[in-house]
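Working notes, beginning with the structure itself.
The values are calculated or read from the model by the stated rules, or taken from the named source; none is laboratory data. These figures come from a predicted structure and were not determined experimentally. Counting neighbours? That spans all protein chains shown, and the Cβs are built from the backbone with ideal geometry, glycine included.
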Amino acid sequence: MIHIEQVGEQQYKLSARSIELPVRLWWKVIDFVADYISQRVDGRTQLRELARVSRVWYTQCRVRAEERLDVIYRDKKDVYQLIRRLNEHPERYNAIKRVHFMNKSINNFGSFAVHMAGKLPQLETLELNFAWVLGQWEPGQLHPRVFLHMRVAFESVTTLCLAWVSFPSVVVFGRLLCALPRLALLTCGRVELKKPGVVSGLLPSPLRLATVDLFNSYDVVDFLVQTDVGTFLRHVGCFILIDTRGSGCRAAP
């Protein structure tokens, strides 16, 4: 977890000592900060503030800031306001590579997915986080065709990170994965499947998952073993977290 205030303070101390580092090295530091900003804050805002620390930092901070779209603790009204602001500046859509959706309910995500259809051609990473409280993926809270909407909105996604999500069945979980046809990397932190039994013909087409990292997500292990999802896997990591407050779920940069 990175706190921008600490980074800014460190930069001040370094400047006072007149230590100069190559620009590209600073950019690597900024990339690391951008990938590991606390999940509870708006990363775009944090990076824009960080850009003010130094002229050397400015360009890379602004680039990484515009690549993010953080939808954190927003109700339906807030989500629609965010969408309206984005529509007023449609050029922003082409820059977004990471969407981080964090809430205590799944219903607003459905509304968001509907309005993002065809607007995020460069999107690579989708993060769904239920805020350290096991959130229920309730089909009744979502549009009946939510997975179709997701496929249209997030077709380019290659990395999916799920944290603190409880799916009603393995079928719903499988349909979510199938809604992302280019998915190659899956990270699950404290994900559970209430009905883990495998249904015949669950996956209409084989996924090409290459990497899976699981943190306290035991039901997903069974899912991988009992389906053909693991056909193309080259790496599987299974981890047990002792700290119950964390998820261990961070999408790879």
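Just checking, does the range 135-157 include any residue being within 26 Å of I96 (Cα to Cα), in the same structural domain as K194 (by TED's automatic domain parsing) and in contact (Cβ under 8 Å) with a residue 60 or more places away in the chain? Checked the range 135-157: no residue is within 26 Å of I96 (Cα to Cα), in the same structural domain as K194 (by TED's automatic domain parsing) and in contact (Cβ under 8 Å) with a residue 60 or more places away in the chain. What's the number of the condition Y73 fails, among (1) surrounded by fewer than 16 Cβ atoms within 10 Å (Cβ to Cβ); (2) in contact with a strand residue (DSSP E or B) (Cβ under 6 Å, 6 or more places away or on another chain); (3) not basic (K, R)? Condition (2) is where Y73 drops out. Looking at the range 102-121 only, could you name the residues that are more than 16 Å from the chain's Cα centre (by Cα) and in a helix (DSSP H, G or I)? Matches in the range 102-121: N107, S111, V114, H115. Considering the range 194-253, and only residues there that are among the hydroxyl-bearing types (S, T, Y) and either closer than 19 Å to T159 by Cα or not in a helix (DSSP H, G or I) (or both), the residue that is modelled with the highest pLDDT turns out to be T211.
For the range 164-190, residues that are among the aliphatic types (A, V, I, L, M), outside any helix (DSSP H, G or I) and more than 12 Å from V220 (Cβ to Cβ) total 5. What do you reckon, is V53 part of a helix (DSSP H, G or I), modelled with pLDDT of 85 or more and more than 19 Å from M102 (Cβ to Cβ)? Criteria not met by V53. Within the range 93-148, being closer than 21 Å to Q81 by Cβ and modelled with pLDDT under 80 holds for K104, S105, I106, N107, A131, Q141, L142, H143.
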